[in-house]
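Peer 1: This is the structure I have questions about; it appears just below.
The values are calculated or read from the model by the stated rules, or taken from the named source; none is laboratory data. Everything quoted here is computed from the prediction, not taken from an experiment. In this analysis, Cβ positions are derived from the backbone assuming ideal geometry, glycine residues included, and neighbour counts consider all displayed protein chains. SASA here: full protein model, heavy atoms, side chains in, ligands and nucleic acids out. Shrake-Rupley method; radii C 1.70, N 1.55, O 1.52, S 1.80 Å.
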Amino acid sequence: MSKSKLLSKRTKQLLSDPLDDNNPITVQVLGICSALAITVQLKPAIVMALSVLVVLSVANVIISLMRKVIPSRIRIIVQLVVVATLVILVDQVLRAFVYDVSKELSVFVGLIITNCIIMGRLEAFGMANGPWDSFMDGLGNSFGYAWILIAVAFFRELLGSGTLFGYPVLESLGIYELGYENNGMMILPPMALITVGVIIWIQRVKNIKLVESK
Amino acid sequence: MKLFKNILESVKPLFVKGGKLEKMYPAYDAFETFLFVPDHTTKSGSHIRDAVDLKRTMAFVVLSLIPCIIFGMWNIGDQYFNAISVETNFLNNLIFGFWKFLPLLAVSYAVGLSVEFAFAISRGHSVNEGYLVTGMLIPLIMPVDVPLWMLAVSVVFAVVIGKEVFGGTGMNILNPALTARAFLFFAYPSYMSGDKVWVHGAGLDGYSGETILGALASNTSSWDNLKWNFNDALIGYIPGSVGETSFIAIIIGALILIFSGVGSWRIILSTFLGGYLTALLFNLWGVNFLMSTPAHIHLLIGGFAFGAVFMSTDPVSGSQTNKGKIIYGLLIGFFAIVIRVFNPAYPEGMMLAILLMNVFAPLIDHYIVDANIKNRLKRIN
């Protein structure tokens, strides 16, 4: 394979589209549950994003390789088995190397199986395209998911706890001495929803073609 | 007034189409219509015009709030001088309260109107008058000692997330003033509950400034053994948010609202009725002190009366149909008492009950309208 084919215009688009125009969270509104649940702090959000990245891109490639032999009647079950296997692998790796984060994410690692983005991409893309394109699609969608997660977690941790990655940023800046207080509402799930909403709002102001015609 | 008119007329060319400050026209328009009768004419078709426009409606609400404002300011002073055991008089209390209340009001209006102006200019529509009432209500439902920057943050949140994202005045789902309070309550709970914030200076000298609801919710004393009696709660010699303490002042406001036709008597009455009946029901159960508090006392304490009169009657976020208004009011009263007695962490059930019912108001209306259509269809068949 020549380099030009590896990164053709189409593959580039597979990577860049999900970041903005076809973002899985803000445009397709998939995977919202995890975006609300694990964005209180940055570290679990990043670990979650990485886990989804591994599961989605690998599962997309596997399904793409098997797409011609999967009977279409049982394709959902085959997809589930592939995803579940990968999720268990990821879960074991997390437990072995970052036990505290794994405990924090608790049930949400297992729930990657039900993350609509993954099943959606396997069904819509992996089942119909070659392995390299599927890999790129998986990466692109994971990045689209990841940047929203990280952006939400950044604001929630900074404003809700005054820290970033557990480091007391605001305290070291001496803002508390001016009378500043952490915003307890940022830690509650409703604020994650509102933060995602504000991101969607800003995105649509900048990207007019996303706005539905009246 | 002639002077203002001349100034406005002389700068008008700057703001009309083609002028240098064309984009700022909404701001100019807001000042002009605030000071003078608008000379706008309808552009399409004919409409029935009424002298009672949005501005005048809002003016009546502000008028009906005046008893609460004056009593609230007086009460700030009275509570403070009582806390530090200093002899005081009427005027002294009022002046002290005025200087405590003014910064809250100024921050509320300055921040809220800036956000409104910014949105009006960026969207090119005229500035709506809705904030004139919201901006007055917000300081009245805050504790006197709330830090001003927190007030500013909650006002920004309420106007942007509670109102502007839905399209501005008239489109909001939730009552903006209560959104501000709910935001503060969940974001900075230590400044919105407990016994330190309701009386200025409480806590500094060991004086407990807890509210009646707070005292009852802590489940240490029944209503009969509290230091306040029925008259205190009725007239309002009690700690609490600035405008909510005096039942009598609120009822004067309610009468102004009802007789001017601005507030719905259906909502006000059914809210009180719903709360009263629910509290009676819990009296029979009575496993904690909030449940065993007499039903009529429940209506006097906390924000129940203020919420029933000034918050639930918000014509935008409340029910629109007559039957709907009664159901909406009854349910607000019901939920306010239920949240109060079952969850001591949220003794102010009124705020949450109204916000909850704001969300359900369109649903209630939908079924009322639907039932009406079905009834009339039956007649033609």
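Peer 1: I need the full set of residues from the range B:128-173 which are crowded, with 21+ Cβ neighbours inside 10 Å, of a type in the set (Gly, Ala, Ser) and touching a residue at least 60 places away in the same chain (Cβ under 8 Å), in order please.
Peer 2: Residue satisfying the conditions is B:130 alone.
Peer 1: Checking residue A:66 against (1) within 30 Å of residue A:182 (Cβ to Cβ); (2) open to solvent by 40 Å² or more (accessible area, probe 1.4 Å), only one condition comes out false. Which one?
Peer 2: Failed condition: (1).
Peer 1: Can you pull out every residue in the range A:190-214 that is loosely packed, with under 13 Cβ neighbours inside 10 Å and over 21 Å from residue A:22 (Cβ atoms)?
Peer 2: A:190, A:214
Peer 1: OK, next. Could we say that residue B:197 is open to solvent by less than 20 Å² (accessible area, probe 1.4 Å) and assigned to a loop (DSSP other than H, G, I, E, B) here?
Peer 2: In short, yes.
Peer 1: Select, from B:362, B:344, the only residue that is open to solvent by 60 Å² or more (accessible area, probe 1.4 Å) and farther than 18 Å from residue B:173 by Cβ.
Peer 2: B:344
Peer 1: Something else: Can you tell me which residue is modelled with the highest pLDDT among those in the range B:133-178 that are within 11 Å of chain A (Cβ to nearest Cβ) and closer than 14 Å to residue B:100 by Cα?
Peer 2: Selected residue: B:148.
Peer 1: Also, quick follow-up: List the number of the failed condition for residue B:48; all other conditions in (1) open to solvent by 50 Å² or more (accessible area, probe 1.4 Å); (2) under 24 Å from the mean Cα position of the chain (by Cα) hold.
Peer 2: Residue B:48 satisfies all of (1) open to solvent by 50 Å² or more (accessible area, probe 1.4 Å); (2) under 24 Å from the mean Cα position of the chain (by Cα) except (2).
Peer 1: Would you tally the residues in the range B:79-127 being open to solvent by 70 Å² or more (accessible area, probe 1.4 Å) and charged (D, E, K, R)?
Peer 2: Of the residues in the range B:79-127, 2 are open to solvent by 70 Å² or more (accessible area, probe 1.4 Å) and charged (D, E, K, R).
Peer 1: Which is among the small types (Gly, Ala, Ser), surrounded by 24 or more Cβ atoms within 10 Å (Cβ to Cβ) and not in a helix (DSSP H, G or I), of B:329, B:263, B:274?
Peer 2: Every option except B:263 fails the conditions.
Peer 1: In the list A:29, A:101, which residue meets the criterion of being under 26 Å from residue A:190 (Cβ atoms) and outside any helix (DSSP H, G or I)?
Peer 2: One residue alone meets the criteria, A:29.
Peer 1: Please specify each residue of the range B:179-190 satisfying the condition of being of a type in the set (Gly, Ala, Ser) and within 10 Å of chain A (Cβ to nearest Cβ).
Peer 2: Those that are of a type in the set (Gly, Ala, Ser) and within 10 Å of chain A (Cβ to nearest Cβ): B:182, B:187, B:190.
Peer 1: Right, here's the next one. Those residues that are in contact (Cβ under 8 Å) with a residue 60 or more places away in the chain and crowded, with 19+ Cβ neighbours inside 10 Å, I need them from the range A:144-163; list them, please.
Peer 2: Once the filter is applied, which keeps residues that are in contact (Cβ under 8 Å) with a residue 60 or more places away in the chain and crowded, with 19+ Cβ neighbours inside 10 Å, the range A:144-163 yields A:144, A:145, A:146, A:148, A:149, A:152, A:153, A:156, A:157, A:160, A:161.
Peer 1: Could you list, in sequence order, all residues of the range B:217-269 that are more than 30 Å from residue B:325 (Cα to Cα) and among the basic types (Lys, Arg)?
Peer 2: B:227
Here's the yes/no breakdown for (1) aromatic (Phe, Trp, Tyr); (2) without any contact (Cβ under 8 Å) to a residue 40 or more places away in the chain; (3) open to solvent by 60 Å² or more (accessible area, probe 1.4 Å); (4) closer than 30 Å to residue B:62 by Cα:
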{"site": "B:219", "(1), (2), (3), (4)": "no, no, yes, no"}
{"site": "B:232", "(1), (2), (3), (4)": "no, yes, no, yes"}
{"site": "B:239", "(1), (2), (3), (4)": "no, no, no, yes"}
{"site": "B:293", "(1), (2), (3), (4)": "no, no, no, no"}
{"site": "B:306", "(1), (2), (3), (4)": "yes, no, no, yes"}
{"site": "B:318", "(1), (2), (3), (4)": "no, no, no, yes"}
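Peer 1: Turning to a different aspect of this structure: Which number in (1) touching a residue at least 40 places away in the same chain (Cβ under 8 Å); (2) closer than 14 Å to residue A:121 by Cβ marks the one condition that residue A:19 misses?
Peer 2: Among (1) touching a residue at least 40 places away in the same chain (Cβ under 8 Å); (2) closer than 14 Å to residue A:121 by Cβ, the lone unmet condition for residue A:19 is (2).
Peer 1: A further question follows. Where in the range A:118-214 are there helices (runs of 4 or more DSSP H), lying wholly inside it, with at least 2 residues that are over 28 Å from residue A:13 (Cβ atoms) and within 12 Å of chain B (Cβ to nearest Cβ)?
Peer 2: In the range A:118-214, A:131-160, A:189-206 are the helices (runs of 4 or more DSSP H) which contain 2 or more residues that are over 28 Å from residue A:13 (Cβ atoms) and within 12 Å of chain B (Cβ to nearest Cβ).
To keep it simple, each residue is scored yes or no on (1) under 14 Å from residue A:111 (Cα atoms); (2) open to solvent by 50 Å² or more (accessible area, probe 1.4 Å); (3) in contact with a Cys (Cβ under 7 Å, 6 or more places away or on another chain).
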{"site": "A:9", "(1), (2), (3)": "no, yes, no"}
{"site": "A:17", "(1), (2), (3)": "no, yes, no"}
{"site": "A:23", "(1), (2), (3)": "no, no, no"}
{"site": "A:37", "(1), (2), (3)": "yes, no, no"}
{"site": "A:42", "(1), (2), (3)": "no, no, no"}
{"site": "A:48", "(1), (2), (3)": "yes, no, no"}
{"site": "A:54", "(1), (2), (3)": "no, yes, no"}
{"site": "A:57", "(1), (2), (3)": "no, no, no"}
{"site": "A:60", "(1), (2), (3)": "no, no, no"}
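Rundown of residues vs (1) farther than 19 Å from residue B:312 by Cβ; (2) outside any loop (DSSP other than H, G, I, E, B), yes/no style:
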| position | (1), (2) |
| --- | --- |
| B:122 | yes, yes |
| B:125 | yes, no |
| B:158 | no, yes |
| B:170 | no, no |
| B:177 | no, yes |
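Peer 1: Quick check on this structure: which one of A:174, A:130 is modelled with pLDDT under 85, more than 18 Å from residue A:44 (Cβ to Cβ), out of contact with any Phe, Trp or Tyr (no Cβ under 8 Å at 6 or more places or on another chain) and not acidic (Asp, Glu)?
Peer 2: Result of the check over A:174, A:130: A:174.
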